[in-house]
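K.L.:
What follows is a single structure, and I will ask about it in a moment.
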Amino acid sequence: RTLEPRREMSFTPVTAAEISEEFRAELGRVQQTRALSEDAAEFRSYLVQQGVAEEVVKVLLGLLSADDGARPDDGRAFLKAYFDTKQLDPFVATSAKVNWDDLLDTNDDLKAKHEQLGADVEELEDILRGLQLDKWGPQLSALAAAHGGSGEGGEAELFDARALLVAAQTAAVEKAVAAGARPPSPENRPPAADAPPAEPVPCSIETLQEWALAEFDEVATGGAVESSLGIFVRALRPQALHFEAETVAAGLSAEGAAGVAAAEAEAAAVRAARLLARARAKLAAAEEPATEPEPGADEGAAE
């Protein structure tokens, strides 16, 4: 068989002037990416000169050439145990070794303690809420009973949240007029006298308690500690029955006391509106029909 003669390859050399600027820029980026920094190059040289790289390569090659049955099940533990037996340089030996197993155990312990502390905080908050409701109980029961509450033994079970709102709005208007202040905003005013009666909005004592815990706290007034629930109840009183002893003790003039009463009454109307919204939301949630599973959903789950 006759072999064909080898063909000579010809090419035209490229001059520097013919290289595009884009190619030059890309070549520079590649060279910068591949080039090691001065510190990295020095460290690599150190690893080679001190035999560290050779030692690591020997261990890895030993694992590679070992039979499958002779290879350790836990390669990480094998390497850790192997290098722990070697005598380290004094500079490295003085550095604290990190025991990852101990760190993981400590992390698990801290997580468990965090969860326990969170549970303890929730329990203490429940106790605090219970104590607060015990203190506010008589005021809340009287508030509910005064606005359509009914129940056995004088304990109000349900009351009309809308009646409470109307009472707060009426007090806000009366006290604004008495103080010569601007009337409350329209949403804080009671319905017109000729307006048709609105349907009552039943509200449970539990909803009333939830609202009280969200709205009120203990405040300092004139050197004494008073609950903001007490201020709310006081704001619902007629102007003629407004507190006088507290006004004198605070050093307020009649005009100043009237202005304070008007501000408290308008704030009470806002809070009563939030209670009405909460009661309506509870009713809407109770009236929602329970969602029934789609036909065949149980069969699909069983499969």
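The values are calculated or read from the model by the stated rules, or taken from the named source; none is laboratory data. Note that the structure is a prediction, hence the values are computed from the model and not measured. Counting neighbours? That spans all protein chains shown, and the Cβs are built from the backbone with ideal geometry, glycine included. Areas reflect the complete protein model, heavy atoms only, side chains present, ligands, DNA and RNA absent. Shrake-Rupley method; radii C 1.70, N 1.55, O 1.52, S 1.80 Å.
K.L.:
Which is free of Cβ contacts under 8 Å to residues at least 60 places away in the same chain and open to solvent by 80 Å² or more (accessible area, probe 1.4 Å), of L61, L79, L47? Working first, answer last.
P.N.:
Details: L79 fails: open to solvent by 80 Å² or more (accessible area, probe 1.4 Å); L47 fails: open to solvent by 80 Å² or more (accessible area, probe 1.4 Å).
Unique residue meeting the criteria: L61.
K.L.:
Working only within region 104-126, note down all residues that are hydrophobic (A, V, I, L, M, F, W, C) and open to solvent by less than 90 Å² (accessible area, probe 1.4 Å). Even if it seems obvious, please write down each step before you answer.
P.N.:
In the first step, residues of region 104-126 are kept if they are hydrophobic (A, V, I, L, M, F, W, C); the result is 104, 110, 112, 117, 119, 121, 124.
Of everything in region 104-126, those that are hydrophobic (A, V, I, L, M, F, W, C) and open to solvent by less than 90 Å² (accessible area, probe 1.4 Å) turn out to be A112, A119, V121.
K.L.:
Look through region 163-212, keep the residues that are in contact with a Pro (Cβ under 8 Å, 6 or more places away or on another chain) and among the charged types (D, E, K, R), and return whichever of them is nearest to G148 (Cα to Cα).
P.N.:
Residues of region 163-212 that are in contact with a Pro (Cβ under 8 Å, 6 or more places away or on another chain), as a first pass: 163, 166, 169-174, 176-177, 189, 198.
Checking the rest, the ones that are also among the charged types (D, E, K, R) come to 174, 189.
Values: E174: 22, R189: 20 Å.
If we take residues in region 163-212 being in contact with a Pro (Cβ under 8 Å, 6 or more places away or on another chain) and among the charged types (D, E, K, R), then R189 is nearest to G148 (Cα to Cα).
K.L.:
Can you pull out the residues in region 105-151 that are polar (S, T, N, Q) and in contact (Cβ under 8 Å) with a residue 40 or more places away in the chain?
P.N.:
Taking region 105-151 first, the residues polar (S, T, N, Q) are 106-107, 116, 132, 139, 141, 150.
The answer is Q132, Q139, S141.
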